[in-house]
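Shown next, in structure tokens, is the structure this report addresses.
The values are calculated or read from the model by the stated rules, or taken from the named source; none is laboratory data. This is a predicted model, so every value here is computed, not measured. Here the Cβ is made from the backbone with ideal geometry for all residues, glycine too, and neighbour counts use every protein chain on show. With ligands, DNA and RNA removed, areas are computed over all heavy atoms of the protein, side chains included. Shrake-Rupley method; radii C 1.70, N 1.55, O 1.52, S 1.80 Å.
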Amino acid sequence: MRIENLGYHGIYLPDSNVILDGSGPDAPTFITHAHADHVPRDRRRPVFASPATAALMRARGHSGPIQELPFGERLSLPGPRRTAVTLYPAGHILGSAMVFVESEDGSLLYTGDCRTPPSPASEGFRLPDRPVDYLIIEATFALPIYKWEPHSLLFSQIREFVADALRDDAIPVLLCYNLGKAQVVMHALASSDPPVTVQIHGGGEKLCRVYEQFGVDLGRWEAYDRQTLAGKVLVTPASSLETPMIGNIRKKRIAYVSGWASLEARASQLLADTLIPLSDHLDFFELLDVCRTLRPRHTWLTHSPDPTVALHYLQKEGFSCSSLEEERNHD
Ligand SMILES: [Zn+2]
């Protein structure tokens, strides 16, 4: 199976003439989810995506045609290699999909960003029921120091943080990405007792409407309005930390909701009162479990700041594996 790493999360399968995420040659392009680093830079490019990803991409300004491919529906592509593509839910954010490509060269599963157990604000996580010969799996948190707590526990932590702050007449501020993390946090707060109202950063408003359209309960929420914020919860990206939006709040408590991935995250932690380690990516142990379940002929790790430890563990268990960033082709 030949694989070309196009960089910036784009992958090209030259024999099947298929592109997974991103841009590149003129070929059928399948988008795993609507995060900016996975969608084509050319907003007019025709793509395939799950129905919710299509709606989120349109809300974020993709103007090209998006052919919706529901989960589990097998799409045959024209061409000599008899290629068929099926999307499976990836559990990362709403609409997130793993792309399963079957051809005469074997089958390949590309996870995109994924999460198992799945985010409760997604369509779940499901692996193909047919053999996976080749696996490309994200390894963003592929170190044994990353082991996530169950969603139920983290959700209680979020509700308690908010209730404590409101009891002290402080504004609870939850720092999260506009797409995905914000909506999981709102979903967790939807079952607060007594109920709370969330104000969301302007960039997240349209995205929240898409979540609701697809049946995710986000509880009581409205767009951010400084005049009416008192007694409510603010959900906003970490980038607003240095802006008046947060600076002008006299009494506040700040929680950083993150899987501790990047240096940027660490810097933001220093300014936060609480860290809630809610991640929408696989942890190290979940990654090993997916490989053990699928037992592919070869596995590529991708999106990893340091794949060596995970590769070592997989090799010790007899898996053939390598880093996608380092290896361009595999036959
Ligand atoms: Zn993502």
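Structure values in brief
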| quantity | calculated |
| --- | --- |
| Ordering of 154-163, 38-47 by packing [mean C-beta count within 10 Å, highest first] | 154-163, 38-47 |
| Spatially proximal lysines relative to LYS147 (Cα-Cα < 22 Å; intrachain offsets below 8 disregarded) | LYS181, LYS316 |
| Over region 151-276, relative contact order from alpha-carbon pairs under 8 Å, at least 6 apart, % | 33 percent |
| Accessible area of the chain divided out per residue, in Å², using a probe of 1.4 angstrom | 43 Å² |
| Positive-end residue of PRO195, LEU324, VAL290, charge dipole of the chain with Cβ unit charges | PRO195 |
| Sequence ranges 98-106, 171-179, ranked by mean other-Cβ count within 10 angstrom, highest first | 171-179, 98-106 |
| In order through region 296-307: 3J(HN,Hα) via Karplus (6.51 cos²θ - 1.76 cosθ + 1.60), integer Hz, x for Gly, Pro | x, 5, 8, 10, 10, 8, 9, 6, 9, x, 8, x |
| Relative packing of peptides 56-63, 16-23, 127-134 - highest average C-beta neighbours within 10 Å first | 16-23, 56-63, 127-134 |
| When region 151-276 is reduced to its Cα atoms, the Kirkwood hydrodynamic radius in Å | 14.4 Å |
| Relative contact order of the chain, pairs being alpha-carbon contacts under 8 Å that are 6 or more residues apart, as % | 17 percent |
| Accessible carbon and sulfur surface of the chain relative to its total accessible area, %, 1.4 Å | 50 percent |
| Total charge dipole magnitude, the chain, about the Cα centre, Cβ charges on Lys, Arg, Asp, Glu only, Debye to nearest 20 | 660 debye |
| Per-selection Rg to Rh, region 74-166 - Cα, Kirkwood hydrodynamic radius | 1.14 |
| Volume per residue of the C-alpha convex hull in the chain, rounded to whole Å³ | 126 Å³ |
